[in-house]
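Taken together, the values in this text are just the output of simple stated rules run on the coordinates, not laboratory data. Treat the numbers as computed from the prediction; the structure is a model and nothing was measured. Note that we place each Cβ from the backbone using ideal geometry, even for glycine, and neighbour counts take in every protein chain shown.
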Amino acid sequence: MINEPVLLIVIPLFAGFLIPIIYLISKKAIKYIPIIAVFYNLFVLIRLIQINSTSLSYFTTGGYKVPFGINLIFNSQIGIILFAINLLALIALIFFLKKEFHLVNSFAYTLGFIIAISAVNGMVLTGDLFNLFVFMELAAIAGYIIATHKRGYYPSFLYVIISTFGSLLFLLGTITIYNVSGTLNMASVSENLVDVSPHFIVVLSVMFIVALSSESELLPLNAWVPKVYEKTSITGSIFFGSVLSTAALFAVIKVLVLVFKGGYEYLFNSLTIIGLATLLIGEFVAFKQRNVRKIVAYSSIAQAGLIISAVSVSLKNGTITDSIFNAAMFQLLNNIFAKGLILLGVGLLGYYSFEKLKGIAGKKKFASILITIGVLSIIGMPPFAGFWSKFFLIKSLIANKMIIFVAIFLASAIFEVYYYLRFIQNMYYEEFDSKIKINQISAVSYFLMISLSFMIIYIGFNPSSVMKTISDIFTGGII
Amino acid sequence: MKKFWAIITVLLILFFLGSGLIPDLKIYKQNNLSQKTGKVYLNRTVNDDSPFKEIDKKLYGEANDVENNAANSVTSVIVDYRALDTLGEVTVLFLAITGVIALLGKSKKNNRILFEKPNYILNASSKILLPLIVLFGFYIFIHGHITPGGGFQGGTIVAASVLMMYFAQNNYKLKNNRMKVLESFSGLSFLIFGLLGIFIMGDFLQNFLELGIMGKLFSGGLIPIIYILVGLKVSAELSNVVYEFMGEE
Amino acid sequence: MTISYLIITAGIMSAIIYLVSKFNWKAGTILQTLTFLIIGYFLYHNGDYSSSQLAIFNNISLNFTYSYFNEIFLYLGISVMIIVSLFSIDGIKNYQYKPVYNFLTTLIFMSILGVFGAADFITLFIFWELMTWVSFFLISMGKKYSKKAALLFLFMSMIAAYLMITGIFLIDNAVGGITFSNLINNYGSISYSLKFKILMLFVLAGLIKGGVYPLHIWMRTSYSESPDSFTSILSGILMKFGFYLIYLIGLFFPVAFILKNNPSKLISELPSSTFFAYLAGISIIIGTIAAILQNDAKKLIAFSSVSHAGYILLAFTYGTSMAFAGGVTHILVHALTALGMFLSIGAVYFRTGTTKIDELGGLIKNMPLTFTTYLVSIISLAGIPPLFGFVSKWMIYQSLIINGSYFLAFAAFFGSIGSFMYVFRPLAGVFLGQRPKKFENVKEVPFFMKAGMLIVTILTVLFGVLPGLVLKPIISMQQSIGIEPIKASLYRLFSGLTTLDMLVVFTVFGAGFILALIIFLLFAKPTRVKQHEQYTAGEIVPELQTQPSIYHYAKNYYKPFSRIFDKFPSMEKLYKKGAEYLSSSFGVIEEFFYEESINGYIWLISITFLVIIAIRWF
Amino acid sequence: MGEIINYWTFIYGPLAIFLVGVYGLLTQKNLFKLVISINIMDLGVNLYIIALGYMDNASAPIYTAKLAVTSSRFVDPVPQALVLTSIVISVAVTAFVLALVIKNYEKYNTLDLIKIKGIEND
């Protein structure tokens, strides 16, 4: 048994390269390859989490020492987050193969999906700036393919342009960093980036802020999010909502922690402001929506803003303020499950506009209850998982005297609660329109939803165990 | 008016970008390698204790104990030191082509764009040129580790021959399924060699072959093999791009 | 059985009750009543004060306590829930979602136990939040506009909850723990400004929940639109959460330390208390006026709740030992009377399907017990002796008179006089007067609803005669926190000025009532008045009006009075305008950030880029 | 004087090309022109990468029999490796986005951004 995190990238790629060959033999057989690959990934992950300790360790590739060859960073906490991401990817994949496989260009879609999983794992794992760029591009292209489904060509085009703009800026910044610090390894960049002028740091920081905001759904570059969420398939929405956005956020946070941790106060202040603006604007706009997909999209934007601003606040002083950072990571983890559950559930009901979802709970009781669990978790109601992440976040922020931050966060949270529960109310207490066709929900889909809500309830009753396992992601290691 | 403001904005950005970066970029004569990864790559001293030291041993034609001895340092960076990038890169290309096929593939009915009366000379000579160009492409990527060039360049040249055939002959059509198999096969082999690295040496894509002597064709361990695979893959992928865009409704 | 076990029991029983109700809703509701009774019995049975922990979370344990400061609230909560549940055995017959209703009310019961039984602020917050979302679902089950009402309720409740959590963590920071005992022990180490912040946060949260004037906007619609038996819970208990919070913070925060030095001041250590006292006065006046103007009986009671919230707040901010006891008593009074009123109005709705005063009339003959319940409740609410309401108002007035505050005294008396005006209207409009044809065959409500209302009536009278039953635990609470306790026996109350003997009062009033009854029976000659003879009284005859409801005498009952307040700025309209403005500005934001063309986005990016650099550059 | 010229050529030049692309994105309404703008930006970035790797009096980083050994005679190989990757990725993206432009044209029968947005919002 090999215990290398690189397998998490290689196995899905292998499956991806295998698919065209299998496709020529049998068009149906390609169904099973991705599932096997992701299952194997989860298996590898479980072993990796068991073997690796909580301290951060570097895994080399090609047999070359750390700052020079491309390296992957891993510890058991990153493993937990990766596990959640891969689990959601598996759920999306099972759903796709069960329900949507025959509806789309199955070949490209399957291929895109499995390679996206590989890219997403790469984004989370890699410890090299340029390598991150490559994986981000890979994930983005997979994202374009998934987004074009259902003939959403214009949103997809928008996504490509904006995302490419962002990645070009990222490349510009990366190469500039190489020229100044002489290395591309994230950890050693921060050591070598010492005697440069403040103007240089500002330009560099702004480049990175703008560049990273496209994938992490931050403000100037997040216009693609609602459009793409709206026009894609159910699988696609889960992919964007739970898998890609989480991995991208994690990658951004990793860059911030590893590259810019040496007290770039201006960078983190600007990021905090941008994140809070994103949070507020996301919630405000979501407040106006009457389409569940758009609501989740805007709320996802807002959550990204919240997490990024919390992380940048925690990094402001040159060291990581553990409590805030960990709470932000907990929030990230909770969002994966809750958003996945809502998107899957609503997708299964088959309609997205409030008009058509009216009173559908009377017909699909169980599914509606499961969606409600997801919603209650995302708005932070006890006894579900989201309550605790909000709880820890507020606690740690107040402990660090960030009262204005808390005020903005809570003000936006009120709006979030309002519009999410309006959606739930619409589902339960309105008259059902008998003209609307009700979709059948298969046992497998129910199983997927139940497993997600089980996770939410489990974390809800066991918050500190999870908090303990995901805390100290970047501390206690070599850095 | 909008254009005027656009120009102003762009100029402002140029000013801020440029004047923010220039004092620290140490370009041109000041640009020295002493503390850069590039120097370590050139010296092949990555796994040494103090990798930034100045070495004075002769490498070309003699070296067989350094960690990788492709004479072309760029190749050694691409295919060995930063091989994971290259893996991602060929996958990006592969995936983009898949996307193009998914977008364009359904709408056309096995036709292709026809040109008006291809030039006779072109038509006749293309058949002679085709094997030569393909051969040249193969040469480029087989010698990627000792001369300028490599898999991507060679692959592009091979794909250019396909493009030439499309321009020169109206009845030419690429057998794209074979290309797909080639693509997958070379990608898989790339991964298998990488995994073999784990099994034999313990690291993904770690070299497990004999390194040979720098400057010889059979040197550099895995580098030429992988670059050949990359070359095959790129030529197949780019040929497929040509095929897809030459298709017609 | 400690409270933690009772809470777990309630949680488990909620699921069982749901399943039973699915099978047979009546059996489920009976099971619910029994559960509440048994839990109440167990709490009473282990009468000793005790604290307990619930450690289902790894290192966050929920602390509960059954102690001098919360026992009275626990019993209040449990008894209200028992009565409402008893009422519901017949009362929820027409509801659409009966099993879910039973399930959710059991969860409400659990959250009541949790909030009142909490020994630390986090536990309190968790159950408070549980209550919020469960109430949201319950309110949504109600009448036509209940969805909007529920959303408004939710919006305001979330504001309250978030103010509270901020305060909780400020306390956590200041004293290093969130248990009540920790706060009491380390109170001295908190700086003055932080004290002020924390106090403001908690009091604001409490005011929103309690429905004091500028923050009362959620009450009108939530009360009128929610299901009737839930309205009783909402006004009987859930609204009292807010005052429980103020009570707690008043108790633990300044009290324990200030009182030892200066027994006459409670929250008044801080300058804000005067502000809150005046706020309470305004709340009393505005609540009264608004209640007078209402036509819907439930909305009327909702506004009366605003005014009575003012009384409670006044008592708490005023600060003497007597006022403090009066405030706590008034919480109980208002819980009981609001329960009685909402149950009787609910009973009317159960039979007639409306709560609009001008559609009803003359139901006294059909529903005598409902009428009695309502009558007793409003007498108590208006503070007329000899019922329970008189006791608490007497205590509040006593402290006002002793300390001499004119505006507040005026407000308090205005509220009392005004409450005659408004509570009389439903009495006259619903139960007395002419009975519309369609309600001639209305019957009295079924047995269990009667039972529920009867208990409320009996309790109101009993506590009125023997206030010592309620005052005894309050006295012991005051003793244990070191305040000089009020002096009272089973039926006597002593203030600095005078002595109140409820037994005498009751005897006098009882004798007077009997005398009046005799006179009425002997000499009164009721004459029948036709409708067209009474509608013109003092009013211009509206021409070409043919709707019968126009001729109902409850229509425009206080027209001259309401004319005075026609041009009065309405707080609700103000909020509404603000909300509309906000909503349209959200639309503008969406247009700007998310509806541009690609060029627009690039503009946005470039300008962001420029701005961030430029700020730093110069 | 020479220094200034070098700044212009090595930094301002590529950045200017990059910003010409940005200008295109700011002003153009045609989908195809937007793609071209992105390509111009790509070009600028690639030139910038190469420019940063440049050194005076140094040769391509390929060991040959004729050259002496010391590594300081070579230019930095890393930017050259990175630019290759960057080019390949931009080729891939361009291929995909061009296919997308074709599909957009098929769906909306126009390449004008404003018109497409109008159709999309209806």
Place a point 7 Å from the Cα of B:K2 along the Cα-to-Cβ direction; which residues of the stretch D:16-57 have their backbone N under 19 Å from it?
D:20-38
Rank these for me by crowding, B:R82, C:R616, C:R220, going from fewest to most other beta carbons within 10 Å.
C:R616, C:R220, B:R82
For the pairs A:K288/D:K117; B:K233/D:K66; A:K254/A:K468; A:K227/A:K339; A:K358/C:K143; A:K288/A:K356, flag any whose C-alpha to C-alpha distance is greater than 22 Å.
B:K233/D:K66
In terms of Cα to Cα distance under 19 Å, which lysines are near enough to A:K65, apart from those fewer than 8 places away along the same chain?
B:K36, B:K39, B:K53
Mean Cβ-within-10 Å packing, highest first, puts peptides D:29-36, A:273-280 in the order A:273-280, D:29-36
Compute the projected area of the convex hull of the Cα atoms of the stretch D:2-121, averaged over all viewing directions, and report it in nm² to one decimal place.
9.8 nm²
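Classify chain C: rounded, prolate or oblate, from the alpha-carbon gyration tensor (a ≥ b ≥ c, eigenvalue square roots; a/c under 1.5 rounded; otherwise prolate if a/b is larger than b/c)?
On the way: a/c = 1.44, a/b = 1.19, b/c = 1.21.
Rounded, since a/c falls under 1.5.
FRET efficiency for B:N123 and A:K365, Cβ-Cβ distance as r, R0 = 56 Å, nearest 0.05? Walk me through the numbers before you get to the answer.
On the way: r = 71 Å, r/R0 = 1.27.
Between B:N123 and A:K365 the formula returns 0.20.
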Quick one: if you stick a label point 7 Å off each Cα along the C-beta vector at B:L114 and C:L462, how many nm between them?
10.2 nm
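Report the local net charge at C:F439: Lys and Arg +1, Asp and Glu -1, summed over other residues whose C-beta lies under 14 Å from its C-beta.
On the way: positive: C:R351, C:K356, C:K365, C:R435, C:K437, C:K438, C:K443; negative: C:D358, C:E359, C:E440, C:E444.
It works out to a net charge of +3.
What is the antiparallel percent of DSSP beta bridges lying wholly in the protein assembly as shown, to the nearest 5?
For the protein assembly as shown, the DSSP antiparallel bridge percentage is about 95.
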So the label point goes 7 Å from the Cα of C:Y49 along Cα→C-beta, right? Which residues of the stretch C:466-499 then have their backbone N under 20 Å from it?
C:469-488
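Can you give the mean number of other chain Cβ atoms that lie within 10 Å of the Cβ atoms in peptide A:296-302?
On the way: counts 0, 1, 2, 0, 0, 2, 0.
Partner Cβ neighbours, averaged per residue: 1.
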Radius 15 Å from Cβ of A:Q303, net charge of other residues (Lys, Arg +1; Asp, Glu -1)
-1
Straight-line reach from C:K487: which lysines have a Cα under 23 Å away, not including same-chain ones fewer than 8 places off?
C:K260, C:K265, C:K393, C:K472
Rank C:S191, C:L130, C:A150 by how far each Cα sits towards the positive end of the charge dipole of the stretch C:114-197 (+1 on Lys, Arg Cβ; -1 on Asp, Glu Cβ) and give me just the farthest.
C:A150
Between C:F414 and B:S34, with labels modelled 7 Å along Cα→Cβ, what's the label distance in nm to one decimal, could you check?
8.5 nm
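Before anything else, pin down the relative contact order of the stretch A:262-337: Cα pairs under 8 Å, at least 6 apart, normalised by residue count, whole percent. Write down the numbers at each step before the final one.
Numbers: 85 pairs, mean separation 28.7, N = 76.
Over the stretch A:262-337, the number comes to 38 percent.
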Computed helical MRE - 222 nm, chain A, DSSP H runs ≥ 4 contributing -39500 (n - 2.57), nearest 500
-24000 deg cm²/dmol
What is the gain in length, in nm to one decimal, between C:K143 and C:A516 on full extension, counting 0.36 nm per residue of separation less the C-alpha to C-alpha distance?
130.1 nm
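Using a Förster distance of 51 Å, how high is the FRET efficiency between B:L217 and A:Q50, based on the Cβ-Cβ distance and rounded to 0.05? Write down the numbers at each step before the final one.
Working: r = 46 Å, r/R0 = 0.90.
The computed FRET efficiency comes out at 0.65.
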Per-residue [θ]222 nm for chain B (sum of -39500 (n - 2.57) over DSSP H runs n ≥ 4, rounded to 500):
-20000 deg cm²/dmol
Gain on full stretching of the segment that runs from C:A27 to C:S181 - 0.36 nm per residue minus C-alpha separation
51.2 nm
Report the gain in length on full extension from C:M421 to C:A579: 0.36 nm times residue separation, minus Cα-Cα distance, nm rounded to one decimal.
53.6 nm
Give me the dipole magnitude in Debye, nearest 20, for chain A about the Cα centre, with unit charges on the beta carbon: positive for Lys and Arg, negative for Asp and Glu.
1540 debye
Over 32 Å between C-alpha atoms is what I'm after, so list which of C:K299/C:K577; A:K364/C:K209; A:K98/A:K294 land there.
A:K364/C:K209
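Which net charge results when you count Lys and Arg as +1 and Asp and Glu as -1 among the other residues whose beta-carbon is under 12 Å from that of C:L466?
On the way: positive: C:K472, C:R492; negative: C:D501.
My count for the surroundings of C:L466 gives +1.
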Within 10 Å of each residue's Cβ, count the other Cβ atoms and sort C:D90, C:D228, A:D195, D:D42 from fewest upward.
A:D195, C:D90, D:D42, C:D228
On the formula 1/(1 + (r/R0)^6), with r taken between the Cβ atoms of A:K28 and C:Y41 and R0 of 51 Å, the FRET efficiency rounded to 0.05 is 0.20
What is the fewest-to-most order of A:V228, A:V160 by other Cβ atoms lying within 10 Å of their Cβ?
A:V228, A:V160
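Counting only other chains, and only Cβ atoms inside 10 Å, what mean value do you get across the residues of A:12-24? Display every interim value, and only then the final one.
Working: counts 0, 10, 7, 0, 8, 14, 4, 2, 12, 7, 1, 3, 5.
The mean count of partner-chain Cβ atoms within 10 Å per residue comes to 6.
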What is the spin-label model distance, in nm, from C:A428 to D:S59 if the labels are put 7 Å beyond Cα along the C-beta direction?
11.3 nm
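In Å, the Kirkwood hydrodynamic radius of the protein assembly as shown over pairs of distinct alpha carbons? If you can, show how the numbers build up before the last one.
Working: mean 1/r = 0.0280 Å⁻¹.
One over the average 1/r among Cα pairs gives 35.7 Å for the protein assembly as shown.
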If a/c stays under 1.5 just call it rounded; otherwise compare a/b with b/c (prolate if a/b is bigger, oblate if not). Do that for the stretch A:271-479, with a ≥ b ≥ c from the square roots of the Cα gyration tensor eigenvalues.
prolate
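Need one value for A:196-203: mean number of C-beta atoms belonging to other chains within 10 Å of its residues' C-beta atoms. Numbers along the way, then the final one.
Details: counts 4, 4, 3, 10, 7, 3, 8, 12.
Rounded to a whole number, the mean comes out at 6.
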